[in-house]
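Below is one structure, written out as structure tokens, with a few remarks after it.
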Amino acid sequence: MGSSRTVGPIAKVRAAKPTSKSRGVEPISEGRGVEPIRWKAGRLRLLDQRKLPHKETWIELRGAADTARAIRDMVVRGAPAIGVTAAFGLALEARRFRVGRVLADFEKAARVLAEARPTAVNLAWAIERQRQALLALASGGEEPAPAAAARLLRTTAEDMFAEDVAANRAMGAAGAALLKGDVLTHCNAGALATAGYGTALGVIRASWEKGRRFGVYATETRPFLQGARLTSWELVKLGIPVTLVTDGMVGALLASGRIGAVVVGTDRTAANGDVCNKIGTYTIAVLAKRHGIPFYVAAPTSSIDLGCATGADIPIEERSEREVTHIGGKRIAARGVSVFHPAFDVTPAELVTAIFTESGVVKGDYKRGLARAVASARGPASKAAVAKPRARKATKAAARKSARR
Ligand code: MRU
């Protein structure tokens with residue numbers, strides 16, 4: 001992708017006009033979908049997902065610090081969207097890189113971004129990919145020129161954006177035929193959680209686009225309500241019938257015989273197929289097993305972490321207790337109560353029927369299948385990922401050298 005390539009139209013900084021026909025949700029028109037990240041003419045704008053479904057407002061970002069804040073505060077969320085946003089954040093920050101200090105300035109910005117949220121591996125993956133691109137530019141041991149570094153980080157971010165949408169479409173094509181009957185999904189793994197199209201919702205969309213007709217059940221997804229606020233909004237826009245259930249209703253729903261398949265996204269899937277996703281996913285997987293319902297995971301290879309042998313190695317984020325004690329800013333829990341509030345859980349591989357990746361469907365031997373899927377998606381770049389620890393050491397050494405200059 002050239003440096004002038006546009007990956008999204010310029011944001012209109014105003015709320016969408018509700019129509020009475022769509023009960024406040026404008027349907028997606030031909031060729032235009034939900035776009036959480038807009039990058040045009042070097043400007044990065046994020047759809048503020050905290051305000052959805054009531055308002056469509058956009059926030060413009062200027063560098064690594066405000067990009068990290070937007071990720072931490074959930075302006076943008078969902079593993080692939082977080083990764084792509086961080087890549088653009090580095091491209092924005094690159095405009096401030098100093099002559100002779102490019103690698104050191106990059107590492108400083110990378111640290112700020114990497115600390116924003118711990119669980120979604122896409123964040124570390126995107127930063128690492130930018131780091132590798134920069135290192136290749138500095139391969140002769142010379143500090144890259146700031147302008148060249150900025151150009152490269154920008155085109156790499158644009159590539160990541162385009163690749164994410166393509167991966168989602170490929171996953172959709174791979175998984176669509178396996179969905180049967182009505183489908184249950186959890187959290188939001190739609191276009192909003194990605195550069196576009198969606199992972200789990202991408203599979204649902206692809207199945208719908210093939211002409212299969214079915215309903216989708218979306219969990220509310222306590223405590224942050226991504227299902228109630230975001231998934232239901234996206235599905236209404238797509239014209240796919242959606243029924244909202246609270247998380248506690250999932251057992252009764254699966255026992256009712258209405259659901260033919262469960263499909264969810266993932267923030268990080270370990271080498272053995274253990275799947276980390278939004279809190280409550282594990283409960284759904286156990287219930288799906290109990291009722292003989294297939295449990296599918298849509299995992300772009302950017303969400304697969306071969307460096308984590310099992311789910312036990314995955315860091316689980318804990319966010320503010322207020323997400324549990326409050327709803328919409330209003331306290332609902334008694335003062336003085338303690339809160340247990342992991343934001344994610346791990347579903348053991350044995351409960352997962354199949355994993356959809358952009359390289360195809362992985363089943364059975366996840367260790368082998370996921371390693372193959374990653375190698376096939378990344379091609380020669382996967383060798384760089386394997387060499388990651390060494391490469392990072394090399395960048396740090398180069399950064400130290402550059403800082404001393
Ligand atoms: O806390 P969030 O909203 O970032 O969590 C998002 C999820 O858990 C999604 O299911 C996951 O990122 C996959 S999205 C394609």
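Springs between alpha-carbon atoms under 10 Å, Gaussian network over the chain: tell me which of Gly89, Gly328, Gly198 tops the mean-square fluctuations. Between Gly89, Gly328, Gly198, it is Gly328 that shows the largest mean-square fluctuation. Comparing Ala91, Ala252, Ala114 in a Gaussian network model of the chain, where Cα atoms under 10 Å apart are tied by springs, the biggest mean-square fluctuation is seen for Ala252. Summarising the amide proton neighbourhood of Thr243: residues at separation of 5 or more, or on other chains, whose placed amide H is nearer than 5 Å comprise Val216, Tyr217, Ala218. Each residue of segment 76-84 is assigned a 3J(HN,Hα), and the resulting list reads 10, 8, x, 3, x, 5, 4, x, 5 Hz, derived from the Karplus form 6.51 cos²θ - 1.76 cosθ + 1.60 (θ = phi - 60°), x at Gly and Pro. Determine the shape class of segment 173-378: with a ≥ b ≥ c the square roots of the Cα gyration tensor eigenvalues, call it rounded for a/c under 1.5, and otherwise prolate if a/b is greater than b/c, oblate otherwise. Since a/c reaches 1.5 but b/c is at least a/b, the shape of segment 173-378 is classed as oblate. Considering only DSSP states other than H, G, I, E and B, which chymotrypsin sites (Phe, Trp or Tyr not before Pro) in segment 265-373 qualify as loop sites with at most 13 other Cβ atoms within 10 Å? Qualifying residues, ordered by number: Phe340. Once you have a ≥ b ≥ c as the square roots of the Cα gyration tensor eigenvalues for the chain, tell me rounded if a/c is under 1.5, and otherwise prolate or oblate according to whether a/b is larger than b/c. It is prolate, given that a/c is not under 1.5 and a/b is the larger ratio. Mind running the shape call on segment 153-253? Use the C-alpha gyration tensor, a ≥ b ≥ c as the square roots of the eigenvalues: rounded below 1.5 for a/c, prolate if a/b tops b/c, oblate otherwise. Because a/c hits 1.5 or more and a/b fails to exceed b/c, segment 153-253 counts as oblate. The dipole here belongs to segment 243-366: it is taken about the Cα centre, uses +1 on the Cβ of Lys and Arg and -1 on the Cβ of Asp and Glu, and is about 620 debye. When the Cα positions of Ala343, Gly190, Ala162 are compared along the charge dipole of the chain, Ala162 comes out farthest toward the positive end, with charges on each C-beta of Lys, Arg, Asp and Glu. Across segment 173-378, the relative contact order, built from alpha-carbon pairs under 8 Å that are at least six residues apart, equals 21 percent. Think of each Lys and Arg Cβ as +1 and each Asp and Glu Cβ as -1; about the Cα centre, that makes the dipole of segment 113-157 roughly 200 debye.
In the chain, taking the dipole from charged Cβ atoms about the Cα centre, the farthest positive-side position among Trp208, Ile284, Ala148 is held by Ala148. Note that segment 312-322 has calculated 3J(HN,Hα) couplings of 5, 8, 8, x, 9, 6, 10, 9, 4, 4, 4 Hz, one per residue in order, obtained from phi through the Karplus relation 6.51 cos²θ - 1.76 cosθ + 1.60 (θ = phi - 60°); glycine and proline are x. Placing +1 on the Cβ of every Lys and Arg and -1 on the Cβ of every Asp and Glu, with nothing else charged, gives the chain a dipole about its Cα centre of roughly 980 debye. For the chain, adding -39500 (n - 2.57) for each run of n ≥ 4 DSSP H residues and dividing by the number of residues yields -12000 deg cm²/dmol at 222 nm.
Could you tell me what percent of the DSSP beta bridges with both partners in the chain are antiparallel, to the nearest 5?
Values: 20 of 38 bridges.
Among the beta bridges of the chain, antiparallel pairing accounts for roughly 55 percent.
Please go through the residue pairs Lys40/Lys108; Lys40/Lys278; Lys55/Lys278; Lys55/Lys330; Lys180/Lys363; Lys51/Lys210 and name each one whose alpha carbons sit more than 21 Å apart in this structure. Too far apart for the 21 Å limit: Lys40/Lys108; Lys40/Lys278; Lys55/Lys278; Lys51/Lys210.
For the residues Val339, Val183, Val242, a GNM of the chain with alpha-carbon springs under 10 Å puts the largest fluctuation on Val339.
Residue by residue, segment 252-261 carries 3J(HN,Hα) couplings of 5, 5, 5, 6, 6, x, 7, 9, x, 7 Hz when phi is fed to the Karplus relation 6.51 cos²θ - 1.76 cosθ + 1.60 (θ = phi - 60°); x denotes Gly or Pro. Each of Leu238, Gly42, Ser320 was scored by the projection of its Cα onto the charge dipole of the chain, and the greatest displacement toward the positive side belongs to Gly42; charges sit on the C-beta of Lys, Arg, Asp and Glu.
Loop-only trypsin sites (Lys or Arg not before Pro) in segment 289-358, please: DSSP not H, G, I, E or B, and at most 10 other Cβ atoms within 10 Å. Answer by residue number: Arg335.
So in segment 173-378, what percent of DSSP beta bridges are antiparallel if you round to the nearest 5? Around 40 percent of the beta bridges assigned by DSSP in segment 173-378 are antiparallel ones.
Since every read-out is calculated from the coordinates, none of them should be taken as a lab result. Values in this document were obtained by computation on a predicted structure and should not be read as measured data. So basically every Cβ, Gly included, is an ideal-geometry build from the backbone, and we count neighbours across all protein chains shown.
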